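**Student:** Could you have a look at this structure, given as structure tokens, before my questions?
The values are calculated or read from the model by the stated rules, or taken from the named source; none is laboratory data. None of the values given here were measured: they were computed from a predicted structure. Neighbour counts run over all protein chains shown; Cβ positions are idealised from the backbone, glycine included.
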Amino acid sequence: MEFLGLGVRYSVAGPVLTEKQDYYSPDGSTTDEVKVVDLGGQFVKTSNLTGDERKVLATVYHMAHKSTAHLTFKAPFQTDASIVHDCVPIIDRLLYEHLYDILGRKPHQWT
């Protein structure tokens, strides 16, 4: 999701989807990150997403972030893993709208 310019901020009510268009740089001047704009696409604007889409994306982002950082058990951020199935079509659509359609290419046409 960071590739598309999305991130999460944390609130008492839970994760909130945000626009995160900065690049991580350990020294303040270099990065190894590649984002959608580097390939000719556009960052996603959270205002163009529905409330349900923002909630699904924020929840999956948060779950993935926490679950890959360390072991967790009965954490309050965990929801049913089936939410990932709800997230995939949203991300797929965003990739098409913000990269593939802009470049006039399909995912398999990068060679």
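**Student:** Within the range 1-19, identify whether any single residue is touching a residue at least 24 places away in the same chain (Cβ under 8 Å), among the small types (G, A, S) and within 17 Å of E97 (Cβ to Cβ), and answer yes or no.
**Tutor:** There is at least one residue in the range 1-19 that is touching a residue at least 24 places away in the same chain (Cβ under 8 Å), among the small types (G, A, S) and within 17 Å of E97 (Cβ to Cβ).
**Student:** Continuing with the same structure: Take the range 43-66 and flag every residue that is farther than 15 Å from Y10 by Cβ and out of contact with any Leu (no Cβ under 8 Å at 6 or more places or on another chain).
**Tutor:** Answer for the range 43-66, where residues must be farther than 15 Å from Y10 by Cβ and out of contact with any Leu (no Cβ under 8 Å at 6 or more places or on another chain): K45, S47, N48, T50, G51, D52, E53, V56.
**Student:** Are there any pairs, at least 6 apart or on different chains, whose C-beta atoms fall under 8 Å, with the first in the range 23-49 and over 10 Å from F3 (Cα atoms) and the second part of a loop (DSSP other than H, G, I, E, B) and small (G, A, S), and if so, which?
**Tutor:** T31/S25
**Student:** Restricting to the range 10-49, count the residues that are surrounded by 10 or more Cβ atoms within 10 Å (Cβ to Cβ), part of a strand (DSSP E or B) and modelled with pLDDT under 95.
**Tutor:** Looking only at that region, the number is 3.
**Student:** Here's another thing I want to ask about it. Quick one: would you say R54 is without any contact (Cβ under 8 Å) to a residue 40 or more places away in the chain and either of a type in the set (G, A, S) or outside any helix (DSSP H, G or I) (or both)?
**Tutor:** For R54, the condition - without any contact (Cβ under 8 Å) to a residue 40 or more places away in the chain and either of a type in the set (G, A, S) or outside any helix (DSSP H, G or I) (or both) - is not met.
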